[in-house]
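Scroll down for the structure; my scribbles are underneath it.
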Amino acid sequence: MLTIALIRRGLLSLAVIAGLAFTPAATAPVAQSSDNSRYAAIVVDAETGEVLFARHADSRRFPASITKMMTLYLAFESLSKGDVKLTDVITVSNRAASEPPSKLGLAAGQTITLDNAMRATAVRSANDMAMAIAEHVGGSNDRFAARMTQKAQELGMTQTRYVNPNGLPDSRQVTSARDLSILARAIMRDYPQYYAYLGQHDWAYNGRDYRNTNGLLHSGNGYDGMKTGYTNASGFNLAASAVRGNRRLITIVLGGRSTASRNAHVAALMDTGFELERARERGQTIQIAQNFFEQRGFGVSADPGGEVQFASITSSGAPTLNEASGDEGVAYAALARTPAPAPTPRPEPRTPARTGQLPADLPADVTAILNGGRTPAATTTRTPAPRAAPARASGGWAVQVGAFRDETVARNWLTEVQRRFRSQFSSAERTVVDAEGWFRSRFTGMTEQSAQAACEALSARSVTCMVVRPQG
């Protein structure tokens, strides 16, 4: 065993020399620890259902607030059957009011329409409103949860069980990345007239404005819906859908270490998926889509312990193998362990004429239907103005920490890295350089010494970086 370990170390050294920046993952932890054993991902063509990329897609994970996608699916179903109406007035129960945050915060006995409860669930990820919907549609939490699980089975979600409508921690409530992609497609296929609830950017209620927890919706680039989720056990989860041209993709990432790194990973997977679709449209034959992802850096190198490394994108846009440490990384190291298995037509009502409404004359196919809806405006959330660098750090050197197809992701990543490495970049400027469609995240205005020291500090934490010399 010692000999094998030494051989592995030697091979890893050769990989580094070759420029692959390969970092061994930690020893496999118990499932649902704070390590990256929570990671799972899948990319699916929304129209055909073809799986373009999958990693641990059938391993059981905790859904967190992505649970609310099923809660809303069943609300959509009840609306389409005429069992409930958008104008129904819900009286908030003691149980709903007592649900922990995130919540809307209505007291027991207060009322809200089903329409607003659904918006609060989708935009605010309100746990109290998800419970209020469950009690209104299903009669009680237990009956609604049983209905959720039954519906999951009907849809073919083989790894999923629900016990509550909001995703609050419960070891019995599990799902998988593949199951969530099945649910995402089912929402689009079965209730496209209500899909816009899952893509609403903002929502105003009782004089207060709420912003969607899914930051990618505000970045443009075709993102138009689905749901976020987070608990300590699940990590940062995201189900995202985007449309570019005449194609729509669904990407599920579970187990991220931060909002920024999760969003960056979703964006990288989504970009690669659309690149694959464009290649096929140009006539390129790609029979195994997974290979296309792996050739662009989303490869996997596994040993018997289940350690794997995923790819990030370098400054030049070329993929390299890199295992980033948790929430500082563009990609995650995912371990193969899984949690222990859990125990065991009436006319459709008109969609409310508010933000997110879809047209009444819906086309025949899913992609055309959803392309006909409101897509997010190409707004960019800017980072706060950087502090001016003092004279002692006014050199022309820079540290690059990533490159992305999405400018907002690039800026958010700079903010995240600076938050975690304040001392290294306290006097640097955050700069995003547009290089032929790649947005390079850089800390600029540094001396050679400070840039080298900062990159060494990042590398010690397995965060990809490179020192950029002054031009000229």
Response to the item:
Here the residues within the stretch 233-278 that are small (Gly, Ala, Ser) and part of a helix (DSSP H, G or I) are Ala260, Ser261, Ala264, Ala267, Ala268, Gly273
Item to complete: Among residues belonging to the stretch 192-215 that are in a loop (DSSP other than H, G, I, E, B) and in contact with a helix residue (DSSP H, G or I) (Cβ under 6 Å, 6 or more places away or on another chain), point out the one that is surrounded by the fewest Cβ atoms within 10 Å (Cβ to Cβ).
Response: His201
Practice prompt. Output yes when any residue across the stretch 431-450 is part of a helix (DSSP H, G or I), over 30 Å from the mean Cα position of the chain (by Cα) and crowded, with 16+ Cβ neighbours inside 10 Å, and no when none is.
Written response: yes
Worksheet item: If you check Ala108 against the conditions, is it in the same structural domain as Pro165 (by TED's automatic domain parsing), surrounded by 22 or more Cβ atoms within 10 Å (Cβ to Cβ) and modelled with pLDDT of 95 or more?
Response: no
Worksheet, complete the sentence: Counted residues in the stretch 279-313 being part of a loop (DSSP other than H, G, I, E, B), modelled with pLDDT of 90 or more and within 16 Å of Val43 (Cα to Cα) come to 1
Worksheet item: Is it true that Thr175 is within 20 Å of the chain's Cα centre (by Cα) and under 20 Å from Ser102 (Cβ atoms)?
Response: yes
Discussion item. Just to check your reading of the model, which residue among Arg189, Arg247 is surrounded by 21 or more Cβ atoms within 10 Å (Cβ to Cβ) and within 30 Å of Gln287 (Cβ to Cβ)?
Written reply: Arg247
Discussion item. Suppose we keep only residues that are in a loop (DSSP other than H, G, I, E, B) and crowded, with 21+ Cβ neighbours inside 10 Å within the stretch 61-98. Which one would you say is farthest from the chain's Cα centre (by Cα)?
Written reply: Val92
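This table checks each residue for (1) among the β-branched types (Val, Ile, Thr); (2) closer than 18 Å to Leu414 by Cβ.
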residue	(1), (2)
Gly245	no, no
Leu249	no, no
Leu254	no, no
His265	no, yes
Thr285	yes, no
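The values are calculated or read from the model by the stated rules, or taken from the named source; none is laboratory data. From a predicted model like this one, the values you see are computed outputs, not experimental measurements. Cβ coordinates were reconstructed from backbone atoms using ideal geometry, including for glycine residues, and neighbour counts include every protein chain displayed.
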